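What follows is a set of notes on a single structure, which appears directly below.
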Amino acid sequence: MAFCNFGARWQLHGFCAVDDKFITEWMPDAKGEYVKVYLMGLYACSVPDERLSSVKAMAQTLSMTESQVTAAFEYWRDTGLVSITSSSPLSVVYNHPRDVGGKVRKFKAGRFADFNTKLQELYPHRMITPAEYERYYDFIESNKIPDEVVVMIAAYCVKGKGETVNWSYILTCAKDWINQGIRTAQQAEEKIRQMESASDVLSRVLGELGRKSAPDFDDKQLFMKWKESWGFEDETILHVAKSCKGKSMAKLDAALDSYFRQSLFSVSEIDEHNERRRKLRALTRDIYKHMGLWCENPDQAAEVYVSPWLAKGFEEKALLKIADQCFTRGIKTMDGMNATVNKLLKEGCLSAAAIDEYLAGCAARDEVINKIIAQTGSSRTLTMNDRDLYAVWSDNWGFPDECILYAASLAQGRANAMSRVGNTLAFWKRQGAFTLEEVKKLSDAPGDQAKQPVKHFANERTYTKQQLDAFLGDTTNFDDI
């Protein structure tokens with residue numbers, strides 16, 4: 001028993017869902033008592049009710065006879081809306097209206113007499129029901145194809161699968177043939193001939209898969225789809241089957257479907273594609289190894305990360321070098337490596353040599369920054385803030401190292417020395433002095449100004465918010481300094 005159940009009175013306040021298709025397509029042509037039976041049966045499917053536990057109980061509830069209830073269900077059986085699985089005692093299964101198809105059309109008497117005879121001959125051990133015939137009629141009229149073509153397709157299906165094959169399978173097969181342009185008896189005959197002649201190649205395909213049994217009807221259907229609908233040559237199908245050895249036709253179908261979607265039809269195209277994938281998987285695993293990680297799903301990681309990195313122009317050796325650096329830095333995720341990759345992309349470092357050159361340049365800058373710190377009289381360790389300040393002084397303001405070192409010497413022994421270096425350089429920048437000779441002439445000015453109180457210009461003016469936003473709004477890359 002389920003651990004969650006409705007209360008005893010729940011069904012008294014519930015509802016029974018009736019599909020709109022039943023109301024619009026089947027109900028108008030049915031007798032009133034047939035509709036009563038259908039709806040009451042639908043209710044019985046939804047809610048367990050002792051009053052509807054048998055044909056006799058339903059007949060009493062609806063004030064009908066048992067034969068009338070049985071006749072009603074037989075009517076709905078013929079429409080396809082229900083299936084009668086047992087006649088004694090009566091057992092009915094409701095089919096969803098959306099799975100049954102449209103309302104059966106009415107046709108002129110005798111229109112399908114020859115068709116009925118030929119179709120029934122294919123099933124000597126059982127009678128075709130009126131509902132089945134109506135499905136065939138509707139298909140023929142809707143698709144505007146000769147009766148003979150449907151009989152030929154049905155005969156081929158019955159030959160391949162036996163009398164157990166139903167109308168749904170046959171009409172699905174027929175729809176597929178129509179989509180391939182087969183609409184005449186001649187075309188159907190040629191199609192059947194091709195499928196029969198394909199048996200030799202198909203047997204070889206099954207052999208590559210490790211199957212010893214003869215090709216069945218479904219195998220032939222798949223094979224013709226690969227050849228006729230998708231355009232694969234026998235050689236290509238056999239080649240792909242070798243790579244699927246020990247697997248099923250469904251696996252082979254999935255592999256060919258993947259190649260079809262990627263427009264890979266020849267053996268050489270498929271081999272080149274698979275070799276690229278093999279190399280990509282191997283590179284992905286190597287990247288994980290260099291980062292000290294285990295790669296559980298290389299295909300996913302290759303698609304999300306490695307393939308886009310290669311598409312951006314990174315060399316394989318460059319990616320492995322970045323992975324080594326991530327391991328050294330303690331970065332243990334592909335997202336973390338991706339951030340490093342994007343940083344180097346902005347710097348234009350796509351090769352291992354370019355990365356080495358960039359890192360050597362960074363190390364050289366650190367040496368200069370250490371000299372600046374030492375020039376102030378400090379022996380402390382370099383920080384990221386020092387690097388950011390140096391980038392502003394050197395890259396943004398344009399001061400050569402000799403000027404920055406000279407400014408550091410002026411701040412030697414002072415508190416907040418690096419801040420004082422910045423103030424000195426800012427003063428020189430405002431004065432337009434950017435060479436060592438020019439700044440030495442102003443060497444006393446920053447110190448003098450620092451000791452003096454803040455002065456206001458005689459012509460100092462105020463500014464609006466809009467002006468200040470325009471003048472000072474762009475603070476890109478300076479937020480963390």
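The values are calculated or read from the model by the stated rules, or taken from the named source; none is laboratory data. As the structure is a computational prediction, the values presented were derived from the model and not from experiment. All Cβ positions, glycine included, derive from the backbone under ideal geometry; neighbour counts span all protein chains shown.
The set of residues in the stretch 1-30 that are surrounded by 14 or more Cβ atoms within 10 Å (Cβ to Cβ), at pLDDT 75 or above, of a type outside the set (A, V, I, L, M, F, W, C) and part of a helix (DSSP H, G or I) comprises K21, E25.
Of all residues in the stretch 238-251, which are in a helix (DSSP H, G or I), within 20 Å of E275 (Cβ to Cβ) and not polar (S, T, N, Q)? Walk me through it before giving the result.
Of the residues in the stretch 238-251, the ones in a helix (DSSP H, G or I) are 238-243, 249-251.
Now narrow it down to the ones that are within 20 Å of E275 (Cβ to Cβ): 238-243.
Once the filter is applied, which keeps residues that are in a helix (DSSP H, G or I), within 20 Å of E275 (Cβ to Cβ) and not polar (S, T, N, Q), the stretch 238-251 yields L238, H239, V240, A241, K242.
For E134, are the conditions met, namely being modelled with pLDDT under 85 and farther than 30 Å from K251 by Cβ? For E134, the condition - modelled with pLDDT under 85 and farther than 30 Å from K251 by Cβ - is met. For the stretch 116-156, a residue qualifies if it is of a type in the set (S, T, Y), buried (at least 17 other Cβ atoms within 10 Å of the Cβ) and within 19 Å of A188 (Cβ to Cβ), and the qualifying residues are Y136, Y137, Y156. Taken as a whole, the stretch 192-205 holds at least one residue that is under 15 Å from L252 (Cβ atoms), under 31 Å from the mean Cα position of the chain (by Cα) and either of a type in the set (G, A, S) or assigned by TED's automatic domain parsing to the domain that holds M249 (or both).
Return yes when E190 is exposed (fewer than 15 other Cβ atoms within 10 Å of the Cβ), in a helix (DSSP H, G or I) and modelled with pLDDT of 85 or more and no when it is not.
Details: exposed (fewer than 15 other Cβ atoms within 10 Å of the Cβ): yes; in a helix (DSSP H, G or I): yes; modelled with pLDDT of 85 or more: yes.
Against the criterion (exposed (fewer than 15 other Cβ atoms within 10 Å of the Cβ), in a helix (DSSP H, G or I) and modelled with pLDDT of 85 or more), E190 qualifies.
Which number in (1) buried (at least 19 other Cβ atoms within 10 Å of the Cβ); (2) closer than 30 Å to N338 by Cα; (3) aromatic (F, W, Y) marks the one condition that W294 misses? Among (1) buried (at least 19 other Cβ atoms within 10 Å of the Cβ); (2) closer than 30 Å to N338 by Cα; (3) aromatic (F, W, Y), the lone unmet condition for W294 is (1). Is it true that E33 is acidic (D, E) and modelled with pLDDT of 75 or more? So E33 passes the test. Of the residues in the stretch 262-282, at least one is under 30 Å from L345 (Cβ atoms) and crowded, with 18+ Cβ neighbours inside 10 Å.
Considered as a group, the residues in the stretch 39-87 that are part of a loop (DSSP other than H, G, I, E, B) and surrounded by 17 or more Cβ atoms within 10 Å (Cβ to Cβ) include one that is modelled with the highest pLDDT, and that residue is M64. Of all residues in the stretch 349-393, those satisfying the criterion of being over 48 Å from the mean Cα position of the chain (by Cα) and in a helix (DSSP H, G or I) are E367, V368, I369, N370, K371, I372, I373, A374, Q375, W393. Among residues of the stretch 352-377 that are among the small types (G, A, S), those with a Cβ under 6 angstrom from a residue that is assigned to a helix (DSSP H, G or I), sequence gap 6+ or separate chain, pair up as A352/K317; A352/A318; A352/K321.
Could you list all residues from the stretch 285-332 that are assigned to a loop (DSSP other than H, G, I, E, B) and charged (D, E, K, R)?
Step one: of the stretch 285-332, the residues assigned to a loop (DSSP other than H, G, I, E, B) are 291-297, 312-315, 330-332.
Once the filter is applied, which keeps residues that are assigned to a loop (DSSP other than H, G, I, E, B) and charged (D, E, K, R), the stretch 285-332 yields E296, K312, E315, K332.
Within the stretch 288-318, being farther than 21 Å from T328 by Cα and among the hydroxyl-bearing types (S, T, Y) holds for one residue alone: S307. Residues that are modelled with pLDDT of 85 or more and more than 21 Å from T172 (Cβ to Cβ) within the stretch 94-115 comprise Y94, A113, D114, listed in sequence order.
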